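The values are calculated or read from the model by the stated rules, or taken from the named source; none is laboratory data. Just so we're clear, the structure is a prediction, and the values are computed from it rather than from any experiment. When we count neighbours, we look across all protein chains shown, and the Cβ atoms used for this are built from the backbone with ideal geometry, even at glycine. Remember, those area values only see protein heavy atoms, side chains included, never the ligands or the DNA or RNA. Shrake-Rupley method; radii C 1.70, N 1.55, O 1.52, S 1.80 Å.
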Amino acid sequence: MTYRAPLGEYQFILNHVVPLAPVAGTERFAEAQPDMVDAVLTEAARLCDEVLAPLNRAGDLTPARLENGVVRSSPGFKDGFRAIADGGWVALAASPEFGGMGLPQAVNSVVGEMMAGACLSLQLNPLLTQGQIEALDHHASDEIKALYLPKLISGEWSGTMNLTEPQAGSDVGALRTKAERNDDGTYAITGQKIFITWGDCDFVQNVCHLVLARLPDGGEGTKGISLFMVPKFLPDGEGKPGPANSLKVVSLEHKLGIHGSPTCVMSYEGATGWLVGEEHKGMAAMFTMMNAARLAVGMQGVGVAEAAFQKALAYANERQQMGAIINHPDVRRMLSTMKAEVFAARAIGLVCAVALDMARATGSAEWQARAALLTPIAKGYGTDAGCRVAETGVQVHGGMGFIEETGAAQLYRDVRITPIYEGTNGIQAMDLVGRKMSDGGEAAQRLLDEVEADAEAARSRLPDLAGAVWAAAEAQREATEALVAQGMLDRFAGAAPYLHAFALVLGGHFHLRAALAEGGAGPRTTLAKIFITRLLPRHAALLAEAREGSEDLYALSPEDLAS
Ligand SMILES: Cc1cc2nc3c(=O)[nH]c(=O)nc-3n(C[C@H](O)[C@H](O)[C@H](O)COP(=O)(O)OP(=O)(O)OC[C@H]3O[C@@H](n4cnc5c(N)ncnc54)[C@H](O)[C@@H]3O)c2cc1C
């Protein structure tokens, strides 16, 4: 069974659950009318089904390799990328001023999800380029924009993101890569970066690295970091790649999954770089790239989960053990919960994307706060759900799930990176209860108000489901009040279960909307019931953990843990 992009699901969600209509109602996104969006998604689905999905196995079996300092990509990736670039898919949400299509992030997120479901390793390449386009669009000088954006948007060049160093992972502020001012206004960048995705690539003419580094007068920690554009080949004024820059790929990592995506150790040896944004303010610029990428990574989790679900469903229909295994209750349980989680995670990702679009189109602080609040939830829940669903997918296959040829194991291995990169899910959860609650929990409470109001309105038609969603939202509201009254250590200790609980409330909310959209009876209502009666009750246990604080965790000392 090969992957098929679930077009009907996207259309249903964007019409009835997380409506795109308000976005299309803004001047900025007026083009995103239903017919146009349908046409775009149909074309993207064709690309994913016919061109990208067939490459997924080749990426796993024949990993990218380093040959004389140059990355050689997996078989077929070059043509796959050309199809992505030539179709304009890198440029979907990019500014029309530089050749982009200027479509909403919600549409881009759907396309990203389906590409990730089809071939995660290759999709990482345009994902990072898109993040770079966004960072440059917001922070780079007009000169850099004019030189780089058209090439990145057309897919002639690709972009990377260079934060991580051996001693600086989650603690980005510990980075040691140095930047020194050259006389001509450029900078010399020296240092080592590790884990750089697509740090080199044989199907583009230039690889553009956005590198975080510290100037001699940059202070300690994240405040003293600056951001630089450091291309593999130095472009001339017309954008023709010229001499090689002083940087190289030292080695590629051997990994659990995403073998088709080269993960590079990079060495910068006095490489020429151009400042992006202001000196010492690189983190702010990098955050633009990271935020775009965080939602995109959440959607990667959803995409792989969808692929794992489809594979498991097909196998369960075929495999005979006392009849087709799909007729056994435990297999039904697994498949139904997989489908219910995929729907919830997808809707959460898309509601975050819609908030980003509304923030961009209206400039409203409320939409900005909504998008900021939802980003760590979309990333954390989308990727954790991705792992759970892919793991269940292996289980549905029984022994064959453990055997590589079914492809279920590959999906499980591939998706496992998603809760780790772009800020681990632990860091996402801390972001949610820390920075995103610096408003005293106001944005969270506003969202919960809406969930409760919807549930109230649904009570007459679906009393049991609506009542359960309302009660969960109310419990989340109380937990939020308790959380913002806590010290940071206690908050952080409960952050991960709090994030997951929030996602379950939102998942219940969107399932309820789906049920109402089909009139309260039918398969979507049954799926809503499965989510709300089987998964949502876990919410209470998660909030109990979230409220527990940190004392017991620290009472058990490292020595106790080792005893
Ligand atoms: C395949 C792959 C691709 C990647 N691609 C890129 C890329 O393109 N560019 C790039 O710059 N980086 C990339 N990374 C790096 C990735 O973003 C980091 O691995 C990630 O941010 C975690 O950093 P770390 O590995 O150093 O883990 P650590 O920071 O050492 O974390 C280890 C554990 O400690 C926890 N932890 C750490 N600090 C805290 C804290 N303050 N509070 C609570 N918990 C904490 C973490 O949540 C985690 O569970 C990639 C990594 C991989 C494996």
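Ranked highest first by the average count of other Cβ atoms within 10 Å around their residues, in what order do 133-141, 445-453, 298-306 fall? Write down the numbers at each step before the final one.
On the way: 133-141: 21.6, 445-453: 17.3, 298-306: 33.1.
Most protected by this proxy first, the peptides run 298-306, 133-141, 445-453.
Rolling a 1.4 Å probe across all protein chains gives Thr337 an accessible area of roughly 30 Å². Here is how the number arises for the chain: DSSP H runs of 4 or more residues each give -39500 (n - 2.57), the sum is divided by the residue count, and the result at 222 nm is -18000 deg cm²/dmol. Given R0 = 56 Å, the distance between the Cβ atoms of Met36 and Asp560 translates into a calculated FRET efficiency of 0.40.
Label separation (Asp171 vs Thr526): 5.3 nm, computed from points 7 Å beyond Cα along the C-beta direction.
Here's the picture: a label point sits 7 Å out from the Cα of Val250 along the beta-carbon direction, and within the range 187-210 the residues with their amide nitrogen under 11 Å of it are 191-195.
Remark: the chain carries 39 Å² of accessible area per residue (probe radius 1.4 Å; ligands, DNA and RNA excluded). Mean separation of Cα pairs under 8 Å and 6 or more residues apart, divided by the residue count, gives the chain a relative contact order of 13 percent. Which whole-number value in Å³ per residue fits the convex hull of the alpha carbons of the chain? Cα-based convex hull of the chain, divided per residue, equals 157 Å³.
Once neighbouring chains are kept in place and the probe is 1.4 Å, which whole percent of the accessible area of the chain is contributed by carbon and sulfur? Intermediate values should be presented prior to the final figure.
Details: 11970 of 22070 Å².
Result for the chain: 54 percent of the exposed heavy-atom area is carbon or sulfur.
Multiplying the residue separation of Thr362 and His138 by 0.36 nm and subtracting their alpha-carbon distance yields 79.0 nm. Between Asp183 and Arg46, the modelled labels are 5.7 nm apart [label points 7 Å from Cα along Cα→Cβ]. Amide H contacts for Thr197 (H built 1.01 Å from N in the peptide plane; partners 5 or more residues away or on another chain; cut-off under 5 Å): Met161, Cys264.
Over 29 Å apart at the Cα level, from the set Lys436/Lys529; Lys151/Lys248; Lys193/Lys311; Lys151/Lys281; Lys193/Lys255, are Lys436/Lys529; Lys193/Lys311.
Would you list the membrane-span-like helices of the chain, meaning whole DSSP H runs whose alpha-carbon atoms span at least 27 Å along their axis and whose mean Kyte-Doolittle value is at least 0.5? Display every interim value, and only then the final one.
Values: long enough: 105-139 (32 Å, 0.30); 282-318 (53 Å, 0.60); 329-362 (49 Å, 0.63); 365-396 (45 Å, 0.06); 463-484 (31 Å, 0.22); 495-517 (33 Å, 1.03).
Span-like helices in the chain: 282-318, 329-362, 495-517.
Let me make sure I get this right: for the range 183-233, a, b and c are the square roots of the gyration tensor eigenvalues over alpha carbons, sorted descending. Under 1.5 in a/c it's rounded, otherwise prolate if a/b > b/c, else oblate. Which is it? Can you show the working numbers first?
Values: a/c = 3.14, a/b = 1.65, b/c = 1.90.
Note, shape of the range 183-233 comes out oblate.
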